[in-house]
Each structure stands twice: as structure tokens, then as C-alpha cells.
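Since every read-out is calculated from the coordinates, none of them should be taken as a lab result. On a predicted model such as this, the values are computed, not experimentally measured, just so you know. Cβ placement follows ideal geometry from the backbone for every residue including glycine, while neighbour counts extend to all protein chains displayed.
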Amino acid sequence: MRILILTLLMLCVSCKKEKKNTDLFDKYKGIQLTETRSESLENNIKYSLEFPDTLKVNQAYDAVFEFESDFDTIVAPMVVDSIKFRTITLYYYNPVRIGVRNKESDLVLRDSILIPNKKFTLGNVKFTEKGKYLFLALIEDEIMYNFYNAEGIRDSVHFNRKIQEVKKEVVVIE
């Protein structure tokens, strides 16, 4: 009898918790999401990369990125606005060895970083073996636009993304 009562109590408590979790997301029901994304990985963002062509094994280097985007005229990065919000993310991949047959699985994301401005430094870039490599990164510039109905309730969100591949061949020596 006690087991039956405990089971019923546990069932009631777990049902109440599930109801609470669904209530959290009720305010997002009915919001329409749309997205525009750049079709290629090139010529979407103007950038420059300061990084040596020849590097030494196990020596740390800085990669300095600077870029310009069409989104610069709309809103600054990471500034909260009631209508729009912009983030810039750098995706940095493990270097790919050139001249060695690579598998798709050899392209490994090392890290991603939210960037607060248009000039930034990726520090402590090291290569552990000599050879010819492709230094590879990706810049994603994204704006989220919120749209509100006549009552002031958000009814849709649109994401506009520009993606730019950044790559440079480097030679690593002893």
C-alpha cells in the first residue's frame, strides 16, 4: 500500500515539473524564424591577416585579424538594441598539413571566440612539426533582427549571416 502511495506521489510531482518546463517556452510559441546566409565562403567580408609565412617549430605566434563588414553601418558588435543584436564569431581550426592526403575528419575545430571589435589577436598559435600547412579560420558576422506586432509583442526574428573563410599557407621550419 505504501509503495502505491509513493508511486502516485512521485507521478504527480513529476507531472507538475513537466508542466512548469513547458510554461517556460510558451512565450516563444508562434514566433516566426527566418534566415539569410551568404552562399559562398569568400568575398563576403573584407579582411586582412597579419601572420608570418615562415614559422619555427614550437614557437608561439600571434595572428592579427582586421576586417570590415556591410553590417558595420547597421549596429556595432555586441551592442544590445531592442530591434537588432550583432555577434561576430571567429572559428579557429587545427592547421591542415599540405601535401598529405587528408580525410574529412582531419578538419577539426579548435576553438570559437566571440569578438567584440573589428581588430583582434589570436595568440599563442604553435605548430609542433615542420612542414607546409594551411592556417584556417572562419569569421561569422551575424545580426538578429526582432520584429514586434502592434501590441509590442515579438512575433518574428530574422537572422542575417555573412561567413568568410580565412586561410593562409605557412611553412614550419626547425
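One table, with the values for the structure above:
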| read-out | value |
| --- | --- |
| Percent RCO, i.e. relative contact order, over the stretch 75-153, from Cα pairs under 8 Å lying at least 6 residues apart | 43 percent |
| Sites matching trypsin sites (Lys or Arg not before Pro) across the stretch 97-170 that sit in DSSP coil, with at most 10 neighbouring C-beta atoms within 10 Å | 101, 103 |
| Computed magnitude of the charge dipole of the stretch 102-159 (debye, nearest 20; Cβ of K, R +1, Cβ of D, E -1) | 500 debye |
| Long pairs among 46/168; 130/167; 84/167; 56/118, criterion Cα-Cα beyond 24 Å | 84/167; 56/118 |
| Hz values of 3J(HN,Hα) by residue in the stretch 109-124 - Karplus curve (6.51, -1.76, 1.60), Gly and Pro given as x | 6, 8, 6, 9, 9, 6, 10, x, 8, 8, 10, 8, 10, 9, x, 6 |
